[in-house]
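Scroll down for the structure; my scribbles are underneath it.
Values in this text are rule-based calculations from the coordinates and carry no lab data. Please read all numbers here as calculations on a predicted model, not as lab measurements. All Cβ positions, glycine included, derive from the backbone under ideal geometry; neighbour counts span all protein chains shown.
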Amino acid sequence: MTARAPRRKRSIAFVCEGCDTPTYQGLEGPSAPVVCPGCGRASALAGPGAGDSPRRVDRCLRCGLDRLYRQKDFNRKIGLGVFAVAAILSVPTWGLSLLAATSIDLLLYALLGDVTICYGCGAQHRGFERNPAHAPFDLHIAEAVDREPRAVRG
Ligand SMILES: [Zn+2]
Ligand SMILES: [Zn+2]
């Protein structure tokens, strides 16, 4: 097993404005409007601007905003399962397995990679190269953008 994460396919996920259905779209093929599986509403993607690297997300591919933040693409269900097991095991081992669980979490973090999220619309971009211009979520930027992003749930 290698420590390097496999290159993930580029994709975008956002919540439909019409019916709140989470909508996912792969970005490896030719760009096409995203059609919501819930209500059939088609949303055109802004796509990268001229001169932007297609492998890096410089602005939101949905709404075109250049305010984005980065977070670990962490699956909470996996994490909670790991911690539940560790909490049971930690009784006889005096907390050593909690340490192990933390290590496993860090490993999962490394394997899962980043997700880049738009401050404006909440769209999640996956599979892109890390953009050094993007920092973790900053409430001040979110307030400056002053929109209501729709978080993608599930
Ligand atoms: Zn919809
Ligand atoms: Zn956006």
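Tabulated results
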| quantity | calculated |
| --- | --- |
| For Asp114, residues with placed amide H under 5 Å, excluding near neighbours | Asp73 |
| Residue-wise HN-Hα coupling along segment 120-127, computed from phi with Karplus coefficients 6.51, -1.76, 1.60 (Hz; x: Gly, Pro) | x, 10, x, 4, 9, 10, 10, x |
| Per-pair calculated FRET efficiency, R0 = 22 Å: Glu28 and Lys72 via Cβ, rounded to 0.05 | 0.45 |
| Hz values of 3J(HN,Hα) by residue in segment 132-142 - Karplus curve (6.51, -1.76, 1.60), Gly and Pro given as x | x, 6, 9, 10, x, 3, 10, 4, 5, 5, 4 |
| Amide hydrogen neighbours beyond the local backbone of Leu45, cut-off 5 Å, H modeled | Val34 |
